Amino acid sequence: LAKTTQPISMDSYEGQEVNITCSHNNIATNDYITWYQQFPSQGPRFIIQGYKTKVTNEVASLFIPADRKSSTLSLPRVSLSDTAVYYCLVVQTPSGDKLTFGTGTRLAVRP
Amino acid sequence: DGGITQSPKYLFRKEGQNVTLSCEQNLNHDAMYWYRQDPGQGLRLIYYSQIVNDFQKGDIAEGYSVSREKKESFPLTVTSAQKNPTAFYLCASLSGSYGYTFGSGTRLTVV
């Protein structure tokens, strides 16, 4: 399983765009990049998944360069409710393979 | 609504006591997982099951046991052999296309 590295914490203000970058240097050809969001005392929630280039949904965008050794989760115009921990994972799908969660990035959004 | 139901939300265990955490899903997912989360930490995999009547140890299986007699149910027993069981326990199931779905967790405290 590819190891991921992401910043431990980030601060932002309401209305700003937040970009969280994750490095995964040993990503394999069949691996996908997936991001989860976790609020205190809740289970993580799936945000977005991609393989290459750019993926966008109603919550976020995911940018993946051609070499796929990193990815950037972009949250447009954050609000206080976006304060959470964000996890970057590299997975093989579809499969029942086990996933490894690191400590994630703790995002604090201030008024 | 489809989802994962974990119960109880809070659980207190006396020293030397076994306790069982419930996890039920109505998503028709084959794969189910148990994770443990300590304060400020990421998730660590305890056990997982890819099919009924089969399960595998995760990274921290010692002191825990599971069963998978039905597709919908994957209970976790925390035995007296687990010396530091106080933690937040999360159950998840996997959709190959859309990532993990997590329950709302059980917070276990040793008293």
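Quick check: at a probe of 1.4 Å, how many percent of the accessible area of chain B sits on carbon and sulfur atoms?
C and S fraction of accessible area: 46 percent.
Search the structure for amide H atoms under 5 Å from the amide H of B:VAL110, placed 1.01 Å from N in the peptide plane, and list their residues when 5 or more places away or on another chain.
For B:VAL110, whose amide H was placed from the backbone, the distant partners under 5 Å are B:ARG13, B:THR86.
So for chain A, considering every pair of alpha-carbon atoms, how many percent are separated by more than 18 Å?
Tail of the P(r) past 18 Å holds 46 percent of the pairs.
On alpha-carbon atoms, Rg over Rh for the protein assembly as shown using Kirkwood Rh?
0.98
So if I restrict to the alpha-carbon atoms in region B:42-88, what is the Rg, and what is Dmax, the biggest pairwise distance, in Å?
Final numbers for Rg and Dmax: 11.0, 30 Å.
So, counting K/R as plus one and D/E as minus one, what does the shell of residues with Cβ under 13 Å around A:GLN38 add up to?
+1
Over region B:1-50, what per residue volume does the convex hull of the Cα atoms give, in whole Å³?
118 Å³
State which entries of A:LYS54/B:LYS9; B:LYS9/B:LYS70; A:LYS69/B:LYS70; A:LYS69/B:LYS9; A:LYS3/B:LYS57 exceed 30 angstrom in Cα-Cα distance in the structure shown.
A:LYS54/B:LYS9; A:LYS69/B:LYS70; A:LYS69/B:LYS9
Between A and B, buried accessible area summed over both sides at probe 1.4 Å, in Å² to the nearest 100?
1600 Å²
For region A:35-111, what is the accessible area per residue in Å² when the probe is 1.4 Å?
I get 46 Å² per residue for region A:35-111.
Give me the orientation-averaged projected area of the Cα convex hull of chain B, in nm², one decimal.
Orientation-averaged projected area of the Cα hull: 6.7 nm².
Quick check: the distance between the Cα centres of region A:51-72 and region B:1-79, to the nearest angstrom?
32 Å
Explain nothing, just compute: Karplus ³J(HN,Hα) = 6.51 cos²θ - 1.76 cosθ + 1.60, θ = phi - 60°, for every residue of region B:32-46 in order, whole Hz, x for Gly and Pro.
With coefficients 6.51, -1.76 and 1.60, one gets 9, 9, 10, 10, 10, 10, 9, x, x, 10, x, 8, 10, 7, 9 Hz.
Bins of 5 Å, beginning at zero and ending with the bin holding the largest distance: percent of Cα pairs per bin for region B:72-111, please.
In whole percents, the pair-distance histogram is 6, 18, 24, 21, 14, 10, 5, 2, 0.
In region B:1-65, which GluC sites (Glu not before Pro) are in a loop and have at most 12 other Cβ atoms within 10 Å, using DSSP for the loop call?
Sparse-neighbourhood loop GluC sites (Glu not before Pro): B:GLU15, B:GLU62.
In region B:13-111, which trypsin sites (Lys or Arg not before Pro) are in a loop and have at most 14 other Cβ atoms within 10 Å, using DSSP for the loop call?
Qualifying residues, ordered by number: B:LYS14, B:LYS83.
Peptide B:28-41: average number of partner chain Cβ atoms within 10 Å per residue?
Going residue by residue through B:28-41 and averaging, the value is 2.
What are the trypsin sites (Lys or Arg not before Pro) within region A:7-111 that DSSP puts in a loop, where the Cβ has at most 10 other Cβ atoms within 10 Å?
Here the trypsin sites (Lys or Arg not before Pro) that fit, given the DSSP loop and packing criteria, are A:ARG77.
The values are calculated or read from the model by the stated rules, or taken from the named source; none is laboratory data. Small disclaimer: the values here were computed from a predicted structure and weren't measured. Ideal geometry is used to build each Cβ from the backbone, glycine not excepted, and the neighbour counts take in all protein chains shown. In case anyone asks, the SASA skips ligands and DNA or RNA and just uses the protein heavy atoms, side chains included. Shrake-Rupley method; radii C 1.70, N 1.55, O 1.52, S 1.80 Å.
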